[in-house]
Each structure stands twice: as C-alpha cells, then as structure tokens.
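Shown next, in structure tokens, is the structure this report addresses.
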Amino acid sequence: MTKLTRRQTLALAGSAVATLATPALAQTSPIKIGFGMALTGGLAGGGKAALLAYQIWAEEVNARGGLLGRKVELVNYDDQSNPATVPAIYTKLLDIDKVDLVVSGYATVPTAAAMPVVMQKGKVFLSLFALAANDQFRYDRYFQMQPNGPEAKFEFSRGYFNLAQNLNPKPKTVALVGADAEFGVLALEGARENAKKAGIKIVYDRSYPPNTMDFGSIVRAIKATKPDLLFIGSYPPDSAGMIRAIHEVGLDATMVGGGMIGLQFAALKQQLGPLLNNVVCYDLYTPEPTMNFPGVVEFLKKYQERAEKAGVDPLGLYIPPFAYAEMQILEAAVNGVKSLDDKKLADYIRANSFSTVVGDIKFGDRGEWAKPRILLIQYRGIVGNDVEQFKQAGKQVIIDPPQFKSGDLVVPFESVKR
Amino acid sequence: MTFSLDLFSNAIVSGILLGGFYCAIAVGITIVFGMLDIVNIAHPAFIMTGGFIAYFANTQFGIDPLAACAIAMIPAYYLGRLLYRFYNVAFEKRGEESLQGLAFFFGLLFIIEVALLLIFGVDYRFVEAPYIGPTIEIGFISIPWRLLIPLIVGLGLVLVIIAFLSRTFIGKAILAVSQDPLALRLVGGSPVKVKEVAFGLSIATAILAGALLIIIQPIEPSFGRDFIGRVFCITVLGGMTSLPGTIVASMILGVSESLTSTFLGPSWSPAIAFGLLLITLAVRPVGIFGR
Amino acid sequence: MGNSLSIENVSAGYGSVTVLSDVSVHAGDGETVVLLGTNGNGKTTLMRCITGQVVPSRGTIVAEIDGERHNLIGLSTEEIVDLGISLVPEGRRLFPRLTVEENLTLGAYRQSARERIAASMDFCFEVFPRLKERRTQLAGSMSGGEQQMLALARALMASPKILLIDEPSVGLAPILVARMIDKIAELKTALGLTVMMAEQNFEQAARIANRGYVLVHGQVAFAADSVDDLRNSDVVRRLYLGVG
Amino acid sequence: MTSPSITASGAKARASSSLGFPLILLICVVSSAVLYFGLSQLDSSYAFLAAYTVLQFVALATAWNILGGYAGYVNFGVAAFFATGVYTSVIIYKTVQWPLLVTIPVAAAAAGLLGLGMGYLTLRLRGVFFSIATLALAVVLNTIVVNWSFVGGSRGVYVMRPQEIILFSSYERYLFVVMLVLAIGSVLIARTIENSWLGRGLAALKDDEMAAECAGVPSLRMKLIATTISGALLGAAGAPFPFFVTYVDPPTAFSLSIAVNAIAMPLIGGTATWLGPVIGALLLGTFQQIATVTISSALNLLIVGVVLVIFITVAPNGIIGFVKDLREKRR
C-alpha cells in the first residue's frame, strides 16, 4: 500500500516539476482546500452529507498519490447555517490558513455571503446547490453544481408541465402551493409561468410559512378548488406534512407533487413509504439504469457504508454524488492545467466538459450547467417503510427528460384512505 | 378564497385539533411561568427531548411513542425537581432570578439542543404507530388520527393536571404558591418544595408533549425554537395562571391559525396569532382569563 | 407542659433602617398578651421576627412548646409554623383565588395537623358558621370581616400551641371588631392557646388581655402586668385615651 | 425602603463618572487608532471582518443594555430592531442608493421610531409581559418582511458592495471602521445616559417602579426615551449588515443568535454599567469567533451554552459585579 502510493506520488511529482518552482517543498506541503460548511443549524443535514462526500474524495485522491504530487487537505469550519459567520470564515481560510483552493458550503445563503471575499481574491469558486447565486455577481470564476441550468426557476416544473400538457385528456386546472422561503417561492414563480405557457389555469396559488404544523387546512382549501394538477414547492418537514395531509384529506388529482425538497432524503422516503406511490417529484439522481454513470455505484456504496457513523442521510442520493462530482471537476481541472492558478483553472473549467459520477458536465452562462438536467421522477411500488428498497431501480422511475427516461408517467394520483 | 361551509367547518376542526396539541406544549409553561414565575424558555428543548426519547424507543425497541414518553415522564419529573433545586440555590435564593435566571435557561436551551444534535444528528426523525396515517370521516369533515390523538392526550393531560391541582393537597399548595408564596410559608409550607414538585411536573408534561409532536410531524433538534413564541403567547392569552384559560387560548390560536391559512393564505397565520397577542397585551394585559 | 414565648433584647430592621431596638417581650403559658402601639411603631416587625420573616440583628427569641425549648432565630418561617406557632398576618394574606375550604385545608400544612384536617375543619365551621355557608366561595370575593374570620380559622387549622395575631381589627367595622375579639377569647379558652396579639384598638384588646406592652418608636415604652396597670399607665393614656 | 437604594445607585453612577467624558473620548479615539493600525499590521482582512463581528456585538449589547440593564426591561425582540436597520438599508439600496453613512442615521431613525411605537404599546406591561410582547413584535415584523416582495420577501435579496470606496484600501476595512464608530458611539451614549438624570431615573424604576412613580419619576416618558434610543442604536448596528453578508433573507436578519448574544453578553459582563456589555461582548464575541475557526463543530454552540450557564451561576452580576465583590471582600 505504502509502496504503491509512493510510486504514484513520484510519477505525479514528475509532472508537477514542470510547473512548480520548488518541487521539493511542494511535496511536503499539502494542497489545502478550504470551505465553510453547515454542520449545525437548519442546513446541517445537507452540509454534513456534503462534507462526507468531500472527505471520501480527499481520501481517494490521497490514496492515488494526491494532486500534482501533493497531498490534499481539507480545511473546513462550521458556518452554523448562519451567513454572518461566512465572510470571516473565508477571509480566515484565504488570509490566515492560506488555503490553495476554496469551494462553497452547502446551499445558497452561505455561498452568497462568501462571494465578495472570494471575488476579491480572484479565487475560482465551485459551489454546491446555490440557487442563482451568481445572477447578481456575474463572477466569471464561479461554477455551480446543481443541474438547474441558467434559468433555474423554470426547471423545477418544466418536466411536470410538459408531461401534463401531453396527457389525454389534457388537465385544465392546477393548484400551486409552496413554502414561503427561497426555494418555494422560486419554484412557484417558475411553475406559474410554465402553467401559463401550457395553457393550464391556476385555481389556487398560495404559500405557507416555514414551521407550519398542520397542512390539513391548506390541502382542504386546495381540494375545494378541485384542481386537475397539484404542484408543490416545499421543504423537508412540510413535504412530509403535505403528503400526509393529501392522503388524510383525500385529495385526488391527475398529478401530485413537483418541487418537493426532502423527498430525496432517506428519512422522508422511509417515513412516507407507500404514501409516496405515484407522487411525482423533481430529483437529481436516482439509481435507475439510465443514470449509471461510471463510478457512481462505487461512490454510493462507500458513502452508504460510512453514513450511519457520520450521522448523515443513509442513502445519499441527493447531495453527496454532486459534492463528490464537484471535487472530481476540481481535480480534473488542476490536473488539466497542472497548476493551482485560479485564472487558468477557471478558463479550463469553462472550456471543458467533465465526466463525473453524475454524468458529463459542461458549464455555461453564469457558471450554471450549460444544459439543465433536472429529473422528474415518479414513485412506484413502494411497500412498507424499508429504506433498502430505495436503493433499487424501478422504485423512483425517471419520467422526464426523455434521454434519461426509465418509465412512463402513471396517472391519476389517488390518495390512500385508511 | 371562496367561502364554503365545508371548508369553514373543516378549518375549525383542524384548528381545534391543533389547539389540543398546543395545550400539551403550553401547560408546562403555564405552570412554571404563569404560576411559579420562572421564565423557563428552555421548555421547548425539553419538548424536543421528549420527541427524541419517543423516536429512540420507537426505532430501537418498537415501543409506542406515547407509552415510551409516559414512562419517561417519571425520570423527567425527578430531573425537573433536581433542575429546580439547582435553579433555586443558584438564582432564586440570591434574588437574581429575573435576568440571570432567564439567561440560565437560554444557555440550557442551547446545551440541550446541541446535545440532541450530537446524539441524534441533524436529520428529520419520525416514529411509526398504528394511528399515524388513518383518518376518520364524519360527513364532509375529516379527522386524522395523527392529530386526534394529540388532541385527546393534550386535553387529557391538562384535565388531569387541573384535577391534580384542585384535588390533592400538594396541588392546592401549588395554586397557593402562585398566589402568595409568603402566605404559604405562614401556614407552614415551603414554597421551594412546592415549586420543586410543580417544576418537575412541568418538565414531565414537556416530555409527553414531545411524543405528541413527533406523532404529528418529523422533528430535528433545533425545531423547538419555533415554539418559544407560540407557547408563551398561549400562556399570556390564557391569563398566565389559569389552566382552563390555557385550553381556550390554545384553541383560539389553533383555530385562528387554521382559519387564516384556509381563507387568507397560510403565510399570514403567524402574524395573525402574534398580532392577537400584541393586541391582547396592549388592551387587556392580564389575558382573557386573567384576574 | 408549657407553651410560652420569650423575646429578649431583640433589635431588627430593614437594610440600614432600624425598626426595633432592644425589645423584650414575654408571653407565658396560656396567657393572652397584647402589643399596643400605633402604626409604624414596630408591632408588625416584631411579629415578623418571631415568625422568621425578619432576622433580628441581635437578641434571642425562644419558644417553649409542650415543655420543649426552641431557639427560633435562624429557623425559616415554615419551620417555625411547623413547631406549632401560627400567625394571623397583617392584611390576612389569604389565597384569594382558592375557596374557603381550600384555604382551610392548606392551613393544616403541618404534618401533625394534616392527619386531623376533617376534625379541625369541623371545629372551624362550628366556630364560624358563616364560613361553612361560604365554603365553596373564593376567599378573595368575601367581605373583610369574613376574610378576617377565615384568616383566623386558617391559622387554627395548623393546631397551633401559640397563636400570633397581627392587627385583627384593621379595616373592620367596630361591631365586627368586638365580635372578632370575642371569638379570639372563645378560641383561646377552648383550645388552651397562648396568644400574642398586636392591636391598635386599646379598648377591645384590653377586654381579653392578661397583660400588655406598649411599643413606641421600636422600643417597649411600658410593660404592664395587668390590664389595669395598662389602663392607668401614662403612656397608654397619652396614646389612646386622649388624656394628656 | 426604596429611597436608600436610589441614592445608592446614584452614588454608584457618580463614582463611575469620576473619569471625565473628554478623557473617555480620548481613550476611545486612541484605542481605536491603535486597534486599526494594529489590525493593519496583520495584513489580513480576516482580522477586520472578525473585529467587525465582535464590534457589532459590542454595539448590540450596549444598545440592549440601555433598556434591559438600566431599566430592567428585557427586550427579547432585538432581532426586530436589528432587522429594521437591515431592511431600511436594503430599501435605500434598492431605491435611492444613498451611501452607507447616510443610510445609518435613516436606519437608526426607523428603528428608533419602532422603539417609540413599541414603547407606547407595551410599556405599561411589567416584567416578562413586556419581554413576550417584544418577542411577538419580532414575529410580526418577520412575517411582514416575508410577505413583502420588494425587499426580497422570503427569497432574500442581494446587496452588492460598491466597487470603490474612498480613503480605504478595502471594503472590509471600511465596514470595520463604520462598525467601530457605531460601537464607540453606542458606548458613549450609554455612558452619558448612565450618568444623567435619565440613567438615575431608570435605575430607580428598576429597583421599584411603583415607588419611583410615587416619588415623582416620570416613568413612562423615561421608558419611552430609553426604548427609542435603544431601538435606534440596535437599528444602526444592523444598517451595515447587508453589505457585510451581501445576501439577506428573513431567517438571517431575524436570527435568534442575534437576540441570544445581545442578551447574554451584557449578562456575562454585568448590566449595571456601560462597561459590562462591552466586556461581555468582547469576551463572548471573541470567544465565538475563535471557536468558529478552531473547534468548528456542534461543540462550538455547546461550549457557548455551557460558558453562559457557568458564568451566570458563578458570577450572577457579571464580570464587573464579580470583580467588585472580590475587591470589597479584600477591603
């Protein structure tokens, strides 16, 4: 093991000599990659899972002999899901810890708060699940890992309304409901436009505050409007609340679901179990044969083995593969330009396409994926509350977009009255 | 939103169901805050602890969440007594309970929350029980068991406590200490001992309320903070020391939230509830049931 | 087996304000002793010293209960009550939002009294039939006279050996004051109590007192061995009888 | 019973005023100059940003203490005032784009007005009722902001820092100096209040409001002045915040941690004098800053909680009170 590592190290070091003035020193000092990550507070669920993915990548890279012949070291601080801590964290990383590279923490808020600092230092900045964070900054060294594409808000409902439009008979009305927070508002905005384009009438359009406890009254109000479609833009606790309330109130419709954050996580999948059947929802990755990118199965296996000990999502289908892919891109770019120069790295990332565990990625306008790739999936044949079943294909069938499709949309959605 | 009898009656029912749960979370605060004058803002953290006890017992041993917390109420009661004894020695005896005591509970809130986070992680946790899922249909009104059980248990809890306070000797002493601690001493009762019992009782109710919470919806450790405002709001609306007042205030809050979210749109419901509180405080500071 | 109370050389106050200085007062077994003096002369403070609400800066307070001597200084109020010393406090301090019955029940907080709650309550209702009529009424909603009765009855529920009464006549109509004083005398005989009563109304107090003290500016201005001595003392005449 | 304590607190106030105002001002100016050049020597904007965070807490703790410490009215709704400052700043940014230096007084005025309004509504309430009313105020304001799309609503809003800033080599330094001035200003105002008739009146209210009213202290007027000033200072401290984080959403602006810190810091330092909140904020703020970049896990919050509880238990009158007790014992 040690021997192998050393041989690899030497091989890579040889290539590094060309670009680095002091290769001897370079071999001893690791490449530091810095970031703040939500390990406590509201975003910690995603943050901790992402951190585990980063760590798996770093271990693998180091086992392969590192980057440019240097070991990789992750330097990270807990941003407590509080953006007020972020500017100081990133200046500390860059000024005091002298990290070589930075990546973002999990989600929009900390990413946005880090931007001015990162921009001032001209660092290349890969970000994880930050919604449209670069729309204002227009920073040319920024790249975002969530496959939203440049027009994120339309993407969460595009597949939904495309499929709805082509149903026979065509649905006439839609109810829109969402959480009153960043994602919910954005998803609903997009859904409104998409519904209009599809010629579907909006009969209910409301948002509810975070921490809503009872969704019965909301669902009943929706039911009273008798919509053909129900599109939901929700966060984890309310996704569960909505689905339960839909079954309790007995709301039936052609299609139910849409942009529900949380259904991608093992906890909610497990809890809702059969209640999920026929619910449609956006997703980024599910273990369907059409998504079998090189390395993803191995990565997930490794992740799932370690998930329990790390106290994170046991399935890890949503954020971790993208966090891992983020690091793969960084790795490919560093190896590609054989340097840690930010300008060169940014140019390289912008110019090239990358093959990762979540497929081929090419970045476009504002550092978003050049082509959006939000999946619409439908839950099928869920039996009981066993979490293992979600590791199989055929349970979370991809119904859109066509190139990843693994099954057809099944309608209507019928509530289970027990 | 168009008005219909169907919607209206369902909104009322929803609100009452929710109100039942609010009863359970507020009863402990009414006891310690209203009656004993102890601003235990860490109360929601104890509720979360109850939720995680239910989660642990349910997932590890398959025990019913309510049964688990009913058992856990006993150690919680003694823990509460211990906590009060500490609070009494550290703050009340020195006459510094108002500000410092508040900060003490603030710190406790953080400690419990982070401890839960370290033990159970940050994911949303939930329980399984036969009453989670099914719904009763009465005409056009639907009542999910998931919310009906908390209503029954919540109301039952308050009624049991009302009975305890009015029927037992120590219960009367708790009522007495809330009215005049010195007078209690003059009849030979020690306010400290009486308050200790009451505090233990309050913590025990928090644990049970936690079971109800996790029956209603999945929880994560920092979730409890959201209740601080609501719980105090109910206690003040209800007139601080009155348990029947707490029931009524819980129902008012539940129903007003439910009606608002059905007819005005859900995003306004917290403002309505707290607006109600602000108006109550400004117009009738003693609450609805205050004397 | 005596029940007596000895206060020797007690000085006490609040913060830097001294209210009592060097007060010595004694109540022997079965005696009714009255503390006279107008408002602000330290009667209530003395009562508070005896019941442990105010800790004297110097002096001793010793109670003899059933022949056993207890040093009261340093004991908490509830411990003193537990020995068998009950106070009917100034302003009555009832539990206003509890019923008459509940107030009485709590009066029997002492362990030894709790065993005979029913009997004690029957006795109280016998002595104060009015309270029996109002047993389910909230204490706070009763008239002043009724409240004073309840306060007295509540103190008796503890089955005390020594009964301290602070200003029973405050806020009551003269006719009620007389009735109240009669009741105290009646109870004292029935129960064989040692009574120490602070009172402003000299004439009423004098009717039942064995002995008395006059407190002026926190000091014992006059100690009388009999009611007649009191009546004849210059201090009392000056203070109460308007004789100069 | 009350008159002795009034004179006692009056005496205390006079004792602390033995250092003259010009002298204090001089100390402030000199120490901030030393701080600025000291931090410049470190050649890192981290120092400035970390110091900004700590100074923001100095300002918040001091502002809270004017009402909470001097008058004993515990304001749970710090976030409401802070967020008023934040969102005033956002509104100005989105409309007239005035510079920050003009924005701050406007934000202070808005938050001060809110304080006055809240005072009229709630100051008749005593003790915890007042506290709960302020908590409710924060929730109501939060809901309004969430439903107000112009300021970003629940989605949040981006606030871009100006490209160039005159006199300063970086925007971090500029923000630091702004917050330094705000913090010192708050402290000087708090100190002035403490030594004035207002401070003595508030102290009397804290001791025994009923007695103070009987003694002719114009309690309502005093409390209204205190809520207005306290609110204005809290708002002023919030005004630069959007430029600090560049993205503001309601959970950030109404963050519980702001309220917790603004209350915990004076309590740890001591609420009786202006120095207490300053010491508390410097200690706890610095500690949190260090913990964030060293321990950096859930333990971080746990430690803050434990430190708070230990401090409150061991030194209930804060560090200032603790030191004073020690001195008196030695005497």
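The values are calculated or read from the model by the stated rules, or taken from the named source; none is laboratory data. The shown structure was predicted, so the numbers you read here are calculated from the model rather than taken from an experiment. Every residue, glycine among them, receives a Cβ derived from its backbone with ideal geometry; neighbour counts consider all protein chains shown. For the accessible areas, the whole protein counts, side chains as well, though only heavy atoms, and no ligand, DNA or RNA atoms are used. Shrake-Rupley method; radii C 1.70, N 1.55, O 1.52, S 1.80 Å.
Can you tell me which of B:144, B:270, B:134 moves the most in a GNM of chain B? Springs connect C-alpha atoms under 10 Å apart. Highest fluctuation of the listed residues: B:134. With the radius of gyration and the Kirkwood radius both derived from the Cα set of the range C:14-107, what is their ratio Rg to Rh? Result for the range C:14-107 is an Rg/Rh of 0.98.
Give me the net charge for the shell around residue D:240: Cβ to Cβ below 15 angstrom, other residues only, Lys and Arg +1, Asp and Glu -1. Here the count lands on +1.
Can you return the lysines within cross-link range of residue B:93? Criterion is Cα-Cα under 30 Å, with same-chain partners fewer than 8 residues away left out. Cα-Cα hits under 30 Å: B:172, B:193, B:195, C:43, D:12, D:206, D:223, D:324, D:329. Classify the protein assembly as shown as rounded, prolate or oblate, taking a ≥ b ≥ c as the square roots of the eigenvalues of its Cα gyration tensor: rounded when a/c is under 1.5, otherwise prolate if a/b is larger than b/c and oblate if not. Since a/c reaches 1.5 and a/b is larger than b/c, the shape of the protein assembly as shown is classed as prolate. Computed from label points 7 Å out along Cα-Cβ, the spacing between residue C:9 and residue A:167 is 9.8 nm. For chain A, the orientation-averaged shadow of the C-alpha convex hull comes to 19.8 nm² (one quarter of the hull surface).
Using heavy atoms of the protein chains and a probe of 1.4 Å, the accessible area assigned to residue B:23 is about 0 Å². At a threshold of 50 Å², the residues of the range B:233-275 that become less accessible to a 1.4 Å probe in the full protein assembly than in their chain on its own are B:266, B:267, B:268, B:274. For residue C:221, the residues whose modelled amide H falls within less than 5 Å of its own, excluding neighbours fewer than 5 places apart on the same chain, are C:214, C:215, C:216.
The equivalent ellipsoid of the range C:92-159 has semi-axes of 18, 12, 10 Å, largest first, where each one is the square root of 5 times an eigenvalue of the Cα gyration tensor. What separates the Cα centres of the range B:1-75 and the range B:237-274 is a distance of 15 Å. Between the alpha-carbon centres of the range A:47-92 and the range A:322-353 there is a gap of 16 Å. Largest GNM mean-square fluctuation across A:130, A:221, A:50, computed for chain A with C-alpha springs under 10 Å, falls on A:221.
Compared with its chain on its own, the range A:217-259 contains the following residues whose accessible area drops by 40 Å² or more in the full protein assembly (probe 1.4 Å; ligands, DNA and RNA excluded): A:217, A:220, A:221, A:237, A:244, A:248. For residue B:16, the accessible area of its heavy atoms, probed at 1.4 Å with every protein chain present, is near 70 square angstrom.
Using the Karplus relation 6.51 cos²θ - 1.76 cosθ + 1.60 with θ = phi - 60°, the per-residue 3J(HN,Hα) values for the range C:106-118 come to 5, x, 8, 5, 3, 3, 5, 7, 5, 5, 10, 4, 4 Hz, with x marking Gly and Pro. Computed with a 1.4 Å probe over protein heavy atoms only, the accessible area of residue A:247 comes to about 10 Å².
Per residue, the solvent-accessible area of the protein assembly as shown (1.4 Å probe, heavy atoms of protein chains only, all protein chains present) comes to 36 Å². An oblate overall shape is assigned to the range A:174-267, the ratio a/c of its alpha-carbon gyration tensor axes (a ≥ b ≥ c) being 1.5 or greater and a/b not exceeding b/c.
Given axes a ≥ b ≥ c from the Cα gyration tensor, I'd like to know whether the range D:13-254 is rounded (a/c under 1.5), prolate (a/b larger than b/c) or oblate. Oblate, because a/c is 1.5 or more while a/b does not exceed b/c. Residue order by solvent-accessible surface for B:175, D:116 is D:116, B:175, largest first, with ligands and nucleic acids left out and a 1.4 Å probe. Here the label points at residue D:192 and residue C:60, each 7 Å from Cα along the C-beta direction, are separated by 6.2 nm in the simple model.
Hey, any idea what % of the protein assembly as shown's accessible area is carbon plus sulfur with a 1.4 Å probe? Carbon and sulfur atoms account for 60 percent of the accessible area of the protein assembly as shown. Treating each Cα of the range D:122-213 as one equal point scatterer and applying the Debye formula with no solvent, the log10 of I(q)/I(0) at q = 0.10, 0.15, 0.19 Å⁻¹ comes out as -0.58, -0.97, -1.02. Pairs exceeding 18 Å between alpha-carbon atoms, taken from A:71/A:123; A:153/A:371; C:161/C:188; A:121/A:362; A:302/A:338: A:71/A:123; A:121/A:362; A:302/A:338. Straight-line reach from residue A:196: which aspartates and glutamates fall under 19 Å, measuring Cα to Cα and dropping same-chain residues less than 8 apart? Once the sequence-local aspartates and glutamates are set aside, what remains near residue A:196 is A:151, A:155, A:205, A:228. The HN-Hα couplings worked out from phi for the range D:160-173 by the Karplus form 6.51 cos²θ - 1.76 cosθ + 1.60 (θ = phi - 60°) are 7, 6, x, 5, 10, 9, 5, 6, 10, 7, 8, 5, 4, 5 Hz, whole numbers, x standing for Gly and Pro.
The label-point distance for residue D:163 and residue D:96, in a model that sets each label 7 Å from Cα toward Cβ, rounds to 2.5 nm. Of all the options D:99, D:277, D:266, the one that moves most in a Gaussian network model of chain D with Cα springs shorter than 10 angstrom is D:99. Across q = 0.07, 0.08, 0.11, 0.16 Å⁻¹, the range B:21-223 modelled as identical point scatterers on its alpha-carbon atoms has Debye log10 I(q)/I(0) values of -0.22, -0.29, -0.53, -1.02, in the order of the q list. For residue D:247, the residues whose amide H sits under 5 Å from its own are D:159, ignoring neighbours fewer than 5 places away on the same chain, with H placed 1.01 Å from N. Which whole-angstrom value gives the distance between the alpha carbon centres of the range A:401-416 and the range D:245-282? Cα centres, the range A:401-416 to the range D:245-282: 51 Å. Just so you know, the averaged projected area of the alpha carbon convex hull for chain C sits at 12.6 nm². So what's the net charge close to residue B:259: Lys and Arg +1, Asp and Glu -1, counting the other residues with Cβ under 13 Å from its Cβ? Cβ neighbours under 13 Å give a net charge of -1. Accessible surface buried by the B/A pair amounts to about 3400 Å², both sides summed, 1.4 Å probe. Protein-only accessible surface at a 1.4 angstrom probe places the residues A:229, D:25 in the order D:25, A:229, largest first.
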